[in-house]
Amino acid sequence: MTDVAAVTAVAATAVAAEIASQPECWRRAMAVETTALPAPGERVAVVGCGTSLYVAQAYAVLRETAGAGETDAFAASEYPADRRYDRVLAITRSGTTTEVLAALARARAAGLPTTAVTGDPATPVATAADALVDLSFADERSVVQTRFATTALVLLRTGLGLTPADLPEQAAAAIAAELPEDALAAGQFTFLGAGWTVGLANEAALKLREAAGAWTESYPAMEYRHGPISVSGPDSLVWFLGDPPAGLPDRIAATGARVASGRRDPLAELVRAQRLAVALAEARGHDPDHPRNLTRSIVLDTP
């Protein structure tokens, strides 16, 4: 039994097991061949849906910041086929999402090279994309995405040379760490990021909405003062993914809200937010493996 399978076998829910297996998944992702990923200098569109869109947002900022080339992130349904790119990169756990397959088809019709990062290469994405990166070892049973998304981002960061060598150990520490004080008692949650961690903040908020049906928002940190802070109060938890801007935590604390942040890599801190989503779902009597109104993949009927 592999380390990932062993973790999955002992957890109470699939999503809890998948969260706990991330250190091993990240180690494996750091060793995956990345030659199919966008080359330096290419102008790239990255597409995804839901969680995969937020991974795309984080990667786009990381790639541009690294000087690897202009990179735009789009919800797959919003990919502008008439805009010129050198490559389209799709992120899709299931390999079956209708909007992702349609975006790849539009890119192919425009003559653009395409690459897909997927958790299931035995799906339509295998023929929809020119090249595949197989992350099937990080695929998931749960509807709620956790380890596939983070493993995909580790792979993409590794391709840019931006993965800290100790990132799996940081993930393990995040799995063992305490959740923010009184986090389960909060009624309103806001996640804040800056640069590439805005995508992580969006993803953390989505996890709490999906798993627990929580009132959750996400913003670029400096935008929080421009209106959203008006909802903060003693019932709120405001969580920074990455270093907070100077003075902002004190300003938020003055509203009575709880303020949380971490010293680990922001991706490892996202793991702690995933754990909060599961704990909050269980505290509210929800099944975190099967959130209401959601399915593992969105496959639309053709008109």
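The values are calculated or read from the model by the stated rules, or taken from the named source; none is laboratory data. The model shown is predicted, which means the values in this text are computed figures rather than measured ones. Virtual Cβ from ideal backbone geometry, glycine too; neighbours counted across all protein chains shown. When the accessible area is computed, the model is the full protein with side chains, heavy atoms only, and any ligands, DNA or RNA have been set aside. Shrake-Rupley method; radii C 1.70, N 1.55, O 1.52, S 1.80 Å.
Checking Leu208 against (1) within 17 Å of Ala58 (Cβ to Cβ); (2) open to solvent by less than 40 Å² (accessible area, probe 1.4 Å); (3) outside any strand (DSSP E or B), which test does it fail?
(1)
Return yes when Arg84 is at pLDDT below 95, open to solvent by 50 Å² or more (accessible area, probe 1.4 Å), outside any helix (DSSP H, G or I) and farther than 20 Å from Glu42 by Cβ and no when it is not.
No, not satisfied.
Out of Val61, Val32, Val88, Val100, report the one residue that is touching an Asp or Glu at 6+ places or on another chain (Cβ under 9 Å) and touching a residue at least 40 places away in the same chain (Cβ under 8 Å).
When all the criteria are applied, what remains is Val32.
Does Arg275 meet the test of being closer than 26 Å to Phe148 by Cβ, outside any loop (DSSP other than H, G, I, E, B), open to solvent by 40 Å² or more (accessible area, probe 1.4 Å) and modelled with pLDDT of 95 or more? Working first, answer last.
Details: closer than 26 Å to Phe148 by Cβ: yes; outside any loop (DSSP other than H, G, I, E, B): yes; open to solvent by 40 Å² or more (accessible area, probe 1.4 Å): yes; modelled with pLDDT of 95 or more: yes.
Spelling it out, Arg275 is indeed closer than 26 Å to Phe148 by Cβ, outside any loop (DSSP other than H, G, I, E, B), open to solvent by 40 Å² or more (accessible area, probe 1.4 Å) and modelled with pLDDT of 95 or more.
Restricting to the range 30-65, and then to whatever is of a type outside the set (Val, Ile, Thr) and surrounded by fewer than 16 Cβ atoms within 10 Å (Cβ to Cβ), can you tell me which residue is nearest to Ala211 (Cα to Cα)?
So the residue we want is Ala31.
Can you pull out every residue in the range 160-177 that is assigned to a loop (DSSP other than H, G, I, E, B), surrounded by fewer than 20 Cβ atoms within 10 Å (Cβ to Cβ) and touching a residue at least 60 places away in the same chain (Cβ under 8 Å)?
Matches in the range 160-177: Leu160, Gly161, Leu162, Pro164, Ala177.
A quick yes/no check of all residues on (1) at pLDDT 95 or above; (2) in a helix (DSSP H, G or I):
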residue: Thr123; (1), (2): yes, no
residue: Phe137; (1), (2): yes, yes
residue: Ser142; (1), (2): no, no
residue: Leu155; (1), (2): yes, yes
residue: Thr158; (1), (2): yes, yes
